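Notes follow once the structure below has been shown.
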Amino acid sequence: MRVDVQHVFKSFPHNGESIEVLQDINLTVDEGEFVCLVGPSGCGKSTIIHLIAGLEQPTDGQILVNSQPVIGPDLSRVVVFQDSALFPWLTVLGNVEFGLRMAGVQKLKRRDRAVEYLKLVHLSKFIQAFPHQLSGGMKQRVAIARALALQPAILLMDEPFAALDAQTRAVLQNELLEIWELARPTILFVTHNVREATGLGDRVYVISSRPGRIRDVQTVTLPRPRHSDDPALQAHQHKILGLLGEEVEKVLREELGETVHFPEAQHPTPPDRALGMHI
Amino acid sequence: MKPKRGLQPVSRWWRRLFPPGYTFLKPQALVLCYVLWLATSQVFPAWPSPNHVVGLLWSNFKDPVFQQALLGSVRRMVIGYALVILLGITGGVVLGRIPLVDQVLGSLAVAIHAIPGAAWVPLAIIWFGMTERAVIFTILLGAAGIVVVSTDTGIREVPPLIQRAARTLGARGLRYFWFVVVPAAIPKMVEGLRLAWAFGWRALMAGELLTSVNGLGQLLNRVAKAQQLDQLLALMLLIAGIGVTVDGLVFKRMEHEVRVRWGLA
C-alpha cells in the first residue's frame, strides 16, 4: 500500500492556546518502500505516525492510503511504539495473539500464527513469559512480532529502538531489514538517530522542529547492509547533520533562552564524533 | 599506620549491637514489643501481663459463647465483604464507563467514602433495627465507597500508550472494554479492595459494638462493662491479629503480585 500525506497541518490546544506541531507536511511512502523520518526531539515525528495510524485527525490537509482517506485505525496499518506498549497482564504469546483475537481469528489458528512470528524474532523460548520478565530489546521484539502477526501492509515504527543500547539496536536493525526483505511491508520508520535513518531507509525525510516542517529528502541508493564507514553514506549523514545541527541549536535557544551561544557554524554534535547517535 | 586506640571514638555496647542503619527483623520487633509489655506489667499491677492475656485468649477458643461470637463476626464480614466487592466494582464500572453518571454520582461515592463506617450505624439501626442486617449494611457503606472510587479511577485512567496500542491492534467497543480497560484497571481495583477490607473490618466492629448483635464487637462491650481489662485486651489482640493476618496473607500478597506483573513495583 502507498501512503500519501498531503499538505497536513496539525495543532494541539495547550493552555488555551493553539500550538502548531506540524506545518504543511508532504510526504509519500511507496508500496514496499522503507522510508525514515529523522528530526530532533519534539519536532512532531510521532504525531505524523499517529496521524497515518488514524489515532488522530489532521487539522488541515489529508492523508491517503491507496488513495483512500484515513478515517481511523485499521489492521493494515500497525504501529510499533518506542516503549513497546505491551499489555503487562498478558504473556508474550497473549500479546502477539492480541490483534488476531480482536479480529476474531480462531484460537488454534491465532496461536500458530503468533508462534510463527515469535520464532521470526527469536523469542519462541519465551512465549509464556510476562513482559516484566523481559529486557528492553526482548520487549521490542515482542512488539514487532505483535505488529507483524497481523500481516499489515504498512508498518509504522515510532522510534522503536531509541531506548535500547547500541549493540541491541544494531542487532534489531539488521533483523528488521531481514524481515522487511522477506515480507516487503511498506515501512515508515521514525528516529532521531541519523546513522539509523541512513542505514535503514530508501529515503530519509529530514524534519525541522517547532513547527515540524520537511527540510530535505535524501535518497540513499546504497545496497544493504550498509557500512557506517562507507564515504557515500557518510556524505548523506553529514548533510543531514548539518541541517539538524541548526535545528538543535534553535531548540536549545528556545529552551534555555539567549544565554546559550554557539560558535559560528559549529553545531553541538560534531559529525566526526557521535555522528548523531543522539541528536 | 595503625590509628591510636585512645583516639578512636568510644564504642558503646549498643552501638555494637545496633550499628547505624540497623533494621529490626519482624520476629525481633515482636519479641521487643512482648518484652516491653511484660516489663510494664511488672511495674503496674493493674496492667495484665502478656502471658496472662494470651493464655486467656487461648482458653476463650474453647468457650462456646466466644465461638458463637467469633463465627457470627466472620459470617457477617464474609457476607458484607462479598457485597462490597459486587456492588463496589459494579458501581465503579458504571461510573467509569458513563461520564454523565460519573458527574452526578462520582462525588456522591467520594462523599460516602468520606463517612467513617461507625457513622453509618445510627442510620442502619433506624432502617434495620438491632439486627445482623444493620451490621452488614454498615460494612457495605463503610467499605464500598473506596472500591467504587478506585475502580472508577482505574477504568478512566488507562495509560494513553496502552489505549493507542489497543486501538491500532483493532480493539473496539465491548472487546476493548473487556480485554483492555478491565485488566488495565486491576491494580487500582486491588488497591481499593485492600483498603476496603480494612475499612470493612473497622465498620464490622463498630456495628457490632453499637447494635449488640452477637459478635466480637459486642463481646468487647460486655467485658468493658464488667471491667475485665484482661479480657478486653485479649479481644483487642484478636481483632488486631485477624485484621493484620488477613491483610498480610491475602491482600498484601495479591497487591504485590499484581504490581510486579503490571510493571508497577
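Each reported figure results from applying straightforward, stated rules to the coordinates on display, with no laboratory input. On a predicted model such as this, the values are computed, not experimentally measured, just so you know. Positions of Cβ are backbone-derived with ideal geometry, glycine not excepted, and every protein chain shown enters the neighbour counts.
Pull out the extension gain between B:S49 and B:R172, defined as 0.36 nm times the separation in residues minus the alpha carbon to alpha carbon distance; nm, one decimal.
Here the segment from B:S49 to B:R172 would lengthen by 37.9 nm.
Which longest uninterrupted range of chain B lacks any trypsin sites (Lys or Arg not before Pro) assigned by DSSP to a loop state (not H, G, I, E or B) and surrounded by at most 15 other Cβ atoms within 10 Å?
Between the exposed loop sites, the longest stretch runs B:63-171.
Report the net charge of residues surrounding B:L83, where surrounding means a beta-carbon distance below 15 angstrom and charges are Lys +1, Arg +1, Asp -1, Glu -1.
For residues surrounding B:L83, the net value is +2.
Dipole magnitude of chain B about its Cα centre, charges +1 at Lys/Arg Cβ and -1 at Asp/Glu Cβ only, in debye to the nearest 20?
The calculated dipole for chain B is roughly 1280 debye.
Work out how much length B:L264 to B:W58 would gain on full extension: take 0.36 nm times their residue separation and subtract the Cα-Cα distance, in nm to one decimal.
Gain on extension, B:L264 to B:W58, equals 70.0 nm.
Based on alpha-carbon positions alone, could you give the equivalent ellipsoid semi-axes of segment A:87-151 from the gyration tensor, as √(5λ), descending, whole Å?
Value: 18, 12, 10 Å, ordered largest first.
Roughly how many nanometres apart are two label points built 7 Å out from the Cα toward the Cβ at A:D24 and A:E175?
4.3 nm
Take A:I144, A:I19, A:I63 and order them by how many other Cβ atoms sit within 10 Å, fewest up front.
The fewest-first ordering by Cβ neighbours comes to A:I19, A:I63, A:I144.
Explain nothing, just compute: Karplus ³J(HN,Hα) = 6.51 cos²θ - 1.76 cosθ + 1.60, θ = phi - 60°, for every residue of segment B:133-146 in order, whole Hz, x for Gly and Pro.
So the J values, rounded to whole Hz, are 4, 4, 5, 5, 4, 4, 4, 4, 6, x, 10, 6, x, 5.
What translational diffusion coefficient, in µm²/s and rounded to a whole number, does the Stokes-Einstein relation yield for chain A at 4 °C and a viscosity of 1.567 mPa s, taking the hydrodynamic radius as the Kirkwood radius over Cα pairs?
66 µm²/s
State, to one decimal in nm, how far the label point of A:H7 lies from the label point of A:D112, with both points 7 Å from Cα in the Cβ direction.
Taking the two extended label points, one gets 5.0 nm.
Under 5 Å between amide hydrogens, which residues at least 5 positions from B:V213 or on another chain qualify, with H placed 1.01 Å from N in the peptide plane?
Hits under the 5 Å cutoff: none.
Over chain A, what is the relative contact order in whole percent, taking alpha-carbon pairs under 8 Å and six or more residues apart?
That works out to 23 percent.
Over what distance in Å are the Cα centres of segment B:205-265 and segment A:12-55 separated?
Taking the Cα centre of each part, segment B:205-265 and segment A:12-55 sit 57 Å apart.
In whole Hz, what ³J(HN,Hα) sequence does segment B:76-82 give by Karplus (6.51, -1.76, 1.60; θ = phi - 60°), x for Gly and Pro?
Each residue of segment B:76-82 in turn: 5, 5, 4, 4, x, 5, 4 Hz.
Can you give the average number of partner chain beta-carbon atoms within 10 Å of each beta-carbon in peptide B:155-167, as a whole number?
Average neighbour count from other chains, rounded to a whole number: 4.
Dipole magnitude of segment B:215-265 about its Cα centre, charges +1 at Lys/Arg Cβ and -1 at Asp/Glu Cβ only, in debye to the nearest 20?
Computed charge dipole of segment B:215-265: roughly 80 debye.
B:S212 label point, 7 Å along Cα→Cβ, cut-off 18 Å on backbone N: hits in segment B:218-253?
In segment B:218-253, the label zone of B:S212 (backbone N under 18 Å from the point 7 Å along Cα→Cβ) covers B:218-228.
At B:V31 and A:K125, where each label point lies 7 Å from the Cα along Cα→Cβ, what is the point-to-point distance in nanometres?
Each label point is offset 7 Å from its Cα along the Cβ direction, giving 4.5 nm.
Under a cut-off of 18 Å between alpha-carbon atoms, report the aspartates and glutamates in cross-link reach of A:K125, not counting same-chain residues fewer than 8 places apart.
A:E97, A:D112, A:E116, A:E175
Past 21 Å, Cα to Cα: identify those pairs from A:K119/A:K139; B:K188/B:K252; A:K45/A:K239, in the order given.
Result: no pair exceeds 21 Å.
For the residues A:S46, A:S41, what sequence is obtained by ranking on other C-beta atoms within 10 Å, fewest first?
The most exposed by this proxy come first: A:S41, A:S46.
Any idea which of B:A184, A:Q173, A:G32 is furthest toward the positive side of the dipole for the protein assembly as shown, if Lys and Arg beta-carbons carry +1 and Asp and Glu beta-carbons -1?
In the protein assembly as shown, that residue is B:A184.
Grab the other residues whose beta carbon is less than 10 angstrom from that of B:F251, score K and R as +1, D and E as -1, and report the net.
For residues surrounding B:F251, the net value is 0.
Can you sort B:W37, B:W58 from fewest to most other Cβ atoms within 10 Å of each residue's own Cβ?
B:W58, B:W37
For a quick check: with amide H placed at 1.01 Å from N, whose amide H comes under 5 Å from A:E33's, ignoring anything fewer than 5 positions away on the same chain?
Amide H neighbours of A:E33: A:I187.
Using a cut-off of under 14 Å, list every residue of segment A:62-100 whose amide N is near the label point 7 Å from the Cα of A:S135 along the Cα-to-beta-carbon line.
Nothing falls inside the zone, counting backbone N under 14 Å.
Under 5 Å between amide hydrogens, which residues at least 5 positions from A:V21 or on another chain qualify, with H placed 1.01 Å from N in the peptide plane?
Placed amide hydrogens put A:K10, A:S11, A:F12 under 5 Å from A:V21.
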